[in-house]
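Novice: The structure under discussion is supplied below as structure tokens; questions concerning it will follow.
The values are calculated or read from the model by the stated rules, or taken from the named source; none is laboratory data. Because the structure is predicted, anything quoted here is derived from the model rather than measured. Please note: Cβ atoms are built from the backbone with ideal geometry, for glycine as well, and neighbour counts cover all protein chains shown. Each accessible area value is taken on the protein alone, full model and side chains, heavy atoms only, with ligands, DNA and RNA left out. Shrake-Rupley method; radii C 1.70, N 1.55, O 1.52, S 1.80 Å.
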Amino acid sequence: MRLLPETISRTLRMAFEGRSTASGTAPAWLNRMSDIRFVDYDGNEDTILKFSCPTVGAAAPELYGQREFPWSERPDENDTGFDLLGDVLADLATKNTDSQLFDGSLLRTLSRFKNGINGTFQEIELSGHRFTKRHPAVIDQTVINTAKAFSSDTPAPEPVRIVGMLDMVRASTQAFAIKLDDGQEVRGVMLNGEIGGLSHLLEKRVLVLGRAVFRPSGRLLRVDTEYVHPASADDEFFSRVPRASRRRLDVRQFVREQSNKRGVAAIIGKWPGDETDEQIEVALRELS
């Protein structure tokens, strides 16, 4: 129960900003959407917890009065944070490595549910507006393991320079979109300053400097942006979607458990022990 409000808040931020965490004070619309209250409990063999949670449309009507980004759709106005978390869990259940519904921070948060799914409880079922009691969203050991694996497999962020036409700016979420020369859209989030200061650059070519954040598949998720400047003719080369230069090293692929046939155990007691030093030296020379 302590982890649930944090998880839903990060899910909501991911849905509207394209990132699950940010420094500084949380925006007012996020606080209103995340106003989750425990109201009742029930159940015999199962523990049933009941919460009240506002719909996103009622909590933040100002977000629904703006033009939509080409690269995403707003959540349905009647959805709550539980519905959006259900979408995240559905993508994890199907092992969708190309999902844009989560980033590394949200994946790590979901991994922490392992402390609750510990044998006493086998799974958590979420139901509400779109996810019903008959077809709930589920947090179980498989989903938790997938979140942990995706977090490990996601390439590390990398410094990037990108050039394109500034296509849209959304002040309420610090988000923007640029259109590349080949027509592809790239989403960005301003880390510092007010994004409204970019309005004079709308529909003009700009140079974006920041860090590319990737999905578990290796495709670009967003650009955490530090600066946006007017582009020059020398910047044409950078009008392309960044690609991860390398994937994270998965140590699990190389570490193997020792057994009586592996590791040090495989050689202990195997050396005959009756060879002379000269015989050993000759054998080592032949091996090299």
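Novice: Just for strands (runs of 3 or more DSSP E) wholly inside the stretch 105-174: which have at least 3 residues that are without any contact (Cβ under 8 Å) to a residue 12 or more places away in the chain and out of contact with any Lys or Arg (no Cβ under 7 Å at 6 or more places or on another chain)? Full working, then the answer.
Specialist: Values: elements: 123-126, 137-140, 158-170.
Those strands (runs of 3 or more DSSP E) do not exist here; none qualify.
Novice: Would you pick out the residues in the stretch 23-59 that are closer than 19 Å to Val88 by Cα and assigned to a loop (DSSP other than H, G, I, E, B)?
Specialist: Ser34, Ile36, Cys53, Pro54, Thr55
Novice: Now for a different question. So, in the stretch 155-174, of the ones that are more than 20 Å from Ser239 (Cβ to Cβ) and within 22 Å of the chain's Cα centre (by Cα), which residue ends up modelled with the lowest pLDDT? Quick ask: steps written out before the conclusion?
Specialist: Residues of the stretch 155-174 that are more than 20 Å from Ser239 (Cβ to Cβ), as a first pass: 155-157, 170-174.
If we keep only those that are within 22 Å of the chain's Cα centre (by Cα) too, we end up with 155-157, 170, 172-174.
On the way: Pro155: 94, Ala156: 94, Pro157: 94, Arg170: 82, Ser172: 79, Thr173: 84, Gln174: 85.
Among those residues, the one meeting the criterion is Ser172.
Novice: Sticking with this structure for a sec: Determine which member of the set Leu201, Leu191 is at pLDDT 70 or above, surrounded by 10 or more Cβ atoms within 10 Å (Cβ to Cβ) and in contact with a Ser or Thr (Cβ under 8 Å, 6 or more places away or on another chain).
Specialist: On the way: Leu201 fails: in contact with a Ser or Thr (Cβ under 8 Å, 6 or more places away or on another chain).
Step by step, each of Leu201, Leu191 is checked, and only Leu191 is at pLDDT 70 or above, surrounded by 10 or more Cβ atoms within 10 Å (Cβ to Cβ) and in contact with a Ser or Thr (Cβ under 8 Å, 6 or more places away or on another chain).
Novice: Would you mind finding the one in Arg37, Arg2 that is modelled with pLDDT of 90 or more, open to solvent by 60 Å² or more (accessible area, probe 1.4 Å) and among the charged types (D, E, K, R)?
Specialist: Working: Arg2 fails: modelled with pLDDT of 90 or more.
Going through Arg37, Arg2 in turn, just one is modelled with pLDDT of 90 or more, open to solvent by 60 Å² or more (accessible area, probe 1.4 Å) and among the charged types (D, E, K, R): Arg37.
Novice: Scan the stretch 158-185 for residues that are under 28 Å from Ala93 (Cβ atoms) and buried (at least 17 other Cβ atoms within 10 Å of the Cβ) and jot them down.
Specialist: So the first thing to find is which residues in the stretch 158-185 are under 28 Å from Ala93 (Cβ atoms), and the list is 173, 175, 185.
Across the stretch 158-185, the qualifying residues are Thr173, Ala175.
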